[in-house]
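Before any comments, here is the structure.
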Protein chains: 2
Amino acid sequence: MDFGTEFRPLTTQPQEIEQKSFAIIEEELGPHPFTDEQFKVVQRVIHASADFELGRSLVFHKDAVQSGMAAIRQGEPIVADVQMVQSGISKPRIAKYGGDVHVYISDADVAQAAKQEGTTRAIISVRKAVNAHPNAIFAIGNAPTALLELIRLVKEGVAKPSLIVGVPVGFVSAAESKEELMKLDVPFIANHGRKGGSPVAVAIVNAISLLADAEGR
Amino acid sequence: MDFGTEFRPLTTQPQEIEQKSFAIIEEELGPHPFTDEQFKVVQRVIHASADFELGRSLVFHKDAVQSGMAAIRQGEPIVADVQMVQSGISKPRIAKYGGDVHVYISDADVAQAAKQEGTTRAIISVRKAVNAHPNAIFAIGNAPTALLELIRLVKEGVAKPSLIVGVPVGFVSAAESKEELMKLDVPFIANHGRKGGSPVAVAIVNAISLLADAEGR
């Protein structure tokens with residue numbers, strides 16, 4: 001196939017672009033309260049959102065990064081709340097340790113149960129995920145109802161996640177669901193406020209798997 | 001499967017959550033320069049990002065919404081720059097009119113050509129997409145280099161997109177690529193600044209297809 005070769009922007013090397021971005025982020029963010037490892041996560045979230053306010057709003061349970069890294073290296077599965085989160089998560093680094101990424105929200109039995117109960121598919125898919133993978137890393141970028149249900153199942157002792165990445169975005173229950181999460185003594189990474197979303201959840205998971213892989217070498 | 005039924009948050013109806021969110025957005029956004037149809041797009045972007053600054057930064061070419069709606073109804077394909085954008089786009093409304101959503105960035109021939117030329121897969125995948133679908137709706141949420149390449153192909157008369165959704169996020173070339181797009185007299189929806197991303201591109205495309213479908217009924 002002839003794709004043409006005559007035109008080249010100044011910076012077209014993905015590695016170079018990422019390094020330049022990370023340098024800008026470090027310079028512009030300035031002083032921050034994060035540990036070195038937490039900062040790697042924050043940096044990747046800002047990289048994905050170009051939003052320093054969002055980066056600064058991140059909150060880490062003290063065990064979150066270590067527990068997430070250990071889970072990756074032990075091949076614990078990752079459960080994503082929606083397809084967009086699953087799409088964005090870098091698979092080879094997960095698969096290297098035997099892990100994989102699951103998403104249940106589009107399953108036929110989930111849709112049916114949600115309809116029967118008059119609730120969201122997000123809630124039902126969390127119940128299904130916890131049944132199958134009680135110790136998984138849960139990455140929730142969209143549905144506050146999914147996060148609230150996961151919190152309930154943690155409180156009941158049914159779910160024992162290695163890490164909850166709880167960063168749903170939105171105007172109804174998103175901020176509140178994250179404040180509930182921050183009350184739990186489980187490994188979590190969340191943020192204050194309405195902002196969040198799939199790329200934030202993806203950035204956090206990918207940062208954790210990069211840290212896990214760097215340490216595992 | 002027993003998913004349990006004892007617990008129900010106050011608002012668990014997706015439609016109800018969306019309507020409540022849209023009402024909050026309309027109230028908090030206040031006066032704005034957008035037409036009614038453009039506002040539907042802006043509203044969905046704010047819904048996806050919880051970011052009013054991002055919503056206000058949107059810029060519409062005068063023909064953008066109408067041209068995008070017409071393209072959806074004519075079954076023109078949509079080209080997404082990355083999998084996350086493809087994942088998020090609502091497919092049934094596109095398929096109803098004969099359209100589909102393509103993404104080329106993970107194709108083996110794209111990776112090979114990018115390596116040979118020492119450039120990004122994003123650039124090569126745009127060339128491949130334009131070859132296959134010169135009149136498509138292009139939805140670019142991530143790669144500024146993809147948008148710059150598409151702009152070049154428009155200037156050369158090779159690409160004649162029905163709509164360019166140009167909202168890459170980032171610190172290197174993202175804002176600049178969007179400013180270049182805004183100089184063109186082609187149907188575009190873009191935004192000023194570094195912010196943007198997959199959910200923004202998805203929200204715009206889904207808003208356009210909802211408008212197209214509402215008018216098509």
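All of the numbers you see were taken from the coordinates with simple rules; none came from a lab. Since the model is a prediction, treat every value here as computed from it, not as a measurement. Positions of Cβ are backbone-derived with ideal geometry, glycine not excepted, and every protein chain shown enters the neighbour counts.
For segment A:103-217, what's the relative contact order in percent, using C-alpha pairs closer than 8 Å and at least 6 residues apart? Intermediate results must be reported in sequence, preceding the final value.
Working: 183 pairs, mean separation 25.2, N = 115.
The normalised contact order for segment A:103-217 reaches 22 percent.
Hey, what number do you get for chain A at 222 nm if only DSSP H runs of n ≥ 4 count, each worth -39500 (n - 2.57), divided across all residues, to the nearest 500?
Working: 11 runs with 118 residues, N = 217.
It comes out at -16500 deg cm²/dmol, rounded to the nearest 500.
Find the centroid of the Cα atoms in segment B:188-217 and in segment B:89-156, then give the distance between the two in whole Å.
That distance is 17 Å.
Students often get this wrong: which residues of segment A:102-146 have the backbone nitrogen under 19 Å from the point 7 angstrom along Cα-to-C-beta of A:K183?
Answer for segment A:102-146: A:144-146.
Which helices pass in chain A if a helix is a full DSSP H run, must span at least 15 angstrom along its long axis by Cα, and must have mean Kyte-Doolittle hydropathy not below -0.5?
Working: long enough: A:14-29 (22 Å, -0.56); A:36-49 (20 Å, -0.34); A:121-132 (16 Å, 0.47); A:144-155 (16 Å, 0.96); A:198-216 (27 Å, 1.27).
Counting only whole DSSP H runs, the qualifying helices are A:36-49, A:121-132, A:144-155, A:198-216.
No solvent, one uniform scatterer per C-alpha: report log10 I(q)/I(0) for the protein assembly as shown via the Debye equation at q = 0.06, 0.09 1/Å, two decimals.
Here the Debye-derived log intensity ratios amount to -0.24, -0.55.
Hey, got the average number of other protein chain Cβ atoms within 10 angstrom for residues in B:135-146?
On the way: counts 0, 0, 0, 0, 0, 0, 1, 3, 2, 3, 7, 0.
Counting Cβ atoms of other protein chains within 10 Å of each residue's Cβ and averaging gives 1.
Please report the antiparallel percentage of the DSSP beta bridges confined to the protein assembly as shown, to the nearest 5. The partial results should precede the final answer.
Details: 6 of 32 bridges.
Close to 20 percent.
Using the scaling law 2.2 N^0.38 Å as the reference, what is the normalised Cα Rg of chain A?
Working: Rg = 17.9 Å, N = 217, 2.2 N^0.38 = 17.0 Å.
Normalised Rg, Cα atoms only: 1.05.
Can you tell me the order of A:178-190, A:23-35, B:162-174 when each peptide is scored by its average per-residue count of other Cβ atoms within 10 angstrom, highest first? Walk me through the numbers on the way to the answer.
Working: A:178-190: 19.4, A:23-35: 12.3, B:162-174: 26.6.
The packing order, highest mean first, is B:162-174, A:178-190, A:23-35.
Take the Cβ-Cβ distance between B:E117 and A:E26 as r, set R0 to 30 Å, and report the resulting FRET efficiency rounded to the nearest 0.05. Working shown, then result.
Working: r = 31 Å, r/R0 = 1.02.
Calculated transfer efficiency: 0.45.
What area, in nm² and to one decimal, does the C-alpha convex hull of segment A:113-217 cast on average over all directions? Don't jump to the answer; show the numbers that get you there.
Details: hull surface 27.9 nm².
Over all viewing directions, segment A:113-217 projects a mean Cα-hull area of 7.0 nm².
May I ask for the net charge around B:K62, where only other residues with Cβ less than 15 Å from the Cβ of B:K62 are counted and Lys, Arg are +1 while Asp, Glu are -1?
-3
For peptide B:45-52, compute the average count of partner chain beta-carbon atoms within 10 Å of each residue's beta-carbon.
Working: counts 0, 2, 3, 5, 10, 12, 8, 1.
For peptide B:45-52, the averaged partner shielding equals 5.
Looking at chain B only, what percent of DSSP beta bridges run antiparallel? Nearest 5 please. Mind showing how you got there, number by number?
Values: 3 of 16 bridges.
Beta bridges within chain B, antiparallel portion: roughly 20 percent.
Kirkwood hydrodynamic radius of segment A:54-125 from all distinct Cα pairs, in Å? Walk me through the numbers before you get to the answer.
Values: mean 1/r = 0.0707 Å⁻¹.
Result for segment A:54-125 stands at 14.1 Å.
Could you calculate the contour length gain from B:E215 to B:E176, that is, 0.36 nm times the residue separation minus the distance between their Cα atoms, to one decimal place in nm?
Working: separation 39, 0.36 × 39 = 14.04 nm, distance 3.47 nm.
Roughly 10.6 nm would be gained on extension.
At B:E27, with labels set 7 Å past Cα in the Cβ direction, how many nm apart are the copies from this one, shortest first?
4.3
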